[in-house]
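Inspection log for the structure reproduced underneath, given as structure tokens.
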Amino acid sequence: DFSVSIPVRSKDELGILAESIQTLARDLNFVKQERNDFLASASHELRTPLTYIKGYADIAKRTDLAAQERVQYLNIIHEESEKVTRLLEELFSLARMDLNNFPIVKERVRLAPFLHSVYEKVLPAFTNKEIHLQLDCSDDLYLDVDPSRFEQVLLNLLDNALKYSKEGTVTIQAFKKENSTQISIADQGIGIPNEDIPYVFDRLYRVEKSRARATGGFGLGLAIVKQLIEVQGGTISVEKNGDRGTRFTIVFKENY
Ligand code: ADP
């Protein structure tokens, strides 16, 4: 532990120095605790699919199994190994962003056609679930972003909006506000409880773990989204969408 206790209580330079060392030690302990928590959750997430893989591999090895049954177990093994791969890929891209080892190639993007192509891409999934998708963007908006990374963000937010909606409309809106360009994605779905809102961008955080596990997520999607937006110079926030659903807002300040 970085436990530091410096018995200097004066208001002079030495006192200020002692106080800032103590604050630093507290911060370091906090970081250490966060890292330990994260490692514990990540190992737990990996252990679950690996337990299935091992268990079903043991059964599939049995010689008295019908071929059809064996295929069924092999399919589960395949699915679970894909989960492991996906989790490792997500963890890896976060780690690379932490180390600034993540190429971002920015260019000037005209938002209207860009958002339209994202809209077209996701529309079939929305139509399938009878969720209305609406796009609202004026012609004169531009952003300097990495188009493929930015698309990844929007696809992820739209995927969540769809996943957590049973009905209603999902709205993509782009607009200027004060000296910024903003894009919001709002749904009328099940919403995020107030007490969870501050944590949804945290790594491996899921609202109601059992529900989230059924939808196949690890709670890394929004952590990746936030980091992707920040490395491109923007910010992202979340709030309730009136009395129904959730709204994510991405903000790029002018001259960011
Ligand atoms: P996952 O990849 O597991 O979906 P995310 O990081 O994308 O994880 O989201 C974290 C949590 O936030 C999820 O467990 C989910 O419950 C909640 N969440 C995210 N987006 C929405 C949304 N549009 N509506 C309701 N809940 C949401």
| note | Per the filter on the stretch 133-172, residues part of a strand (DSSP E or B) and away from the ligand (no atom under 15 Å from the Cβ) are GLN134, LEU135, ASP136, CYS137, TYR142, LEU143, ASP144, VAL145
| Residue selected from the stretch 107-132 under the condition surrounded by fewer than 17 Cβ atoms within 10 Å (Cβ to Cβ) and part of a strand (DSSP E or B), by the criterion nearest to the ligand (Cβ to nearest atom) | HIS132
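A quick yes/no check of all residues on (1) more than 7 Å from the ligand (Cβ to nearest atom); (2) in a loop (DSSP other than H, G, I, E, B); (3) surrounded by 17 or more Cβ atoms within 10 Å (Cβ to Cβ); (4) modelled with pLDDT under 95:
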| position | (1), (2), (3), (4) |
| --- | --- |
| ILE183 | yes, no, yes, no |
| VAL207 | no, yes, yes, yes |
| GLY219 | no, yes, yes, yes |
| GLY242 | yes, yes, no, yes |
| task | Identify all residues within the stretch 154-168 that are in contact with an Asp or Glu (Cβ under 8 Å, 6 or more places away or on another chain), open to solvent by 10 Å² or more (accessible area, probe 1.4 Å) and farther than 18 Å from VAL225 by Cα; write none if there are none. | result | GLU167, GLY168
| field | Residues (closer than 13 Å to PHE218 by Cβ and open to solvent by less than 70 Å² (accessible area, probe 1.4 Å)) located in the stretch 44-79 | value | GLU45, LEU46, THR48, PRO49
| query | Just one of the numbered conditions (1) open to solvent by 20 Å² or more (accessible area, probe 1.4 Å); (2) near the ligand (Cβ under 9 Å from one of its atoms); (3) in contact (Cβ under 8 Å) with a residue 60 or more places away in the chain; (4) touching a helix residue (DSSP H, G or I) at 6+ places or on another chain (Cβ under 9 Å) is not true of GLN227; which one? | reply | (2)
| query | Taking the stretch 189-201, which residues are open to solvent by 60 Å² or more (accessible area, probe 1.4 Å) and either assigned to a strand (DSSP E or B) or over 15 Å from THR235 (Cα atoms) (or both)? | reply | ILE190, ASN194, GLU195, TYR199
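The values are calculated or read from the model by the stated rules, or taken from the named source; none is laboratory data. Just so it is clear, the model here is predicted, and its values are computed rather than measured. Note: ideal-geometry Cβ built from the backbone for every residue, glycine included; neighbour counts use all protein chains shown. The area values use the complete protein model at the heavy-atom level, side chains included, leaving out ligands, DNA and RNA. Shrake-Rupley method; radii C 1.70, N 1.55, O 1.52, S 1.80 Å.
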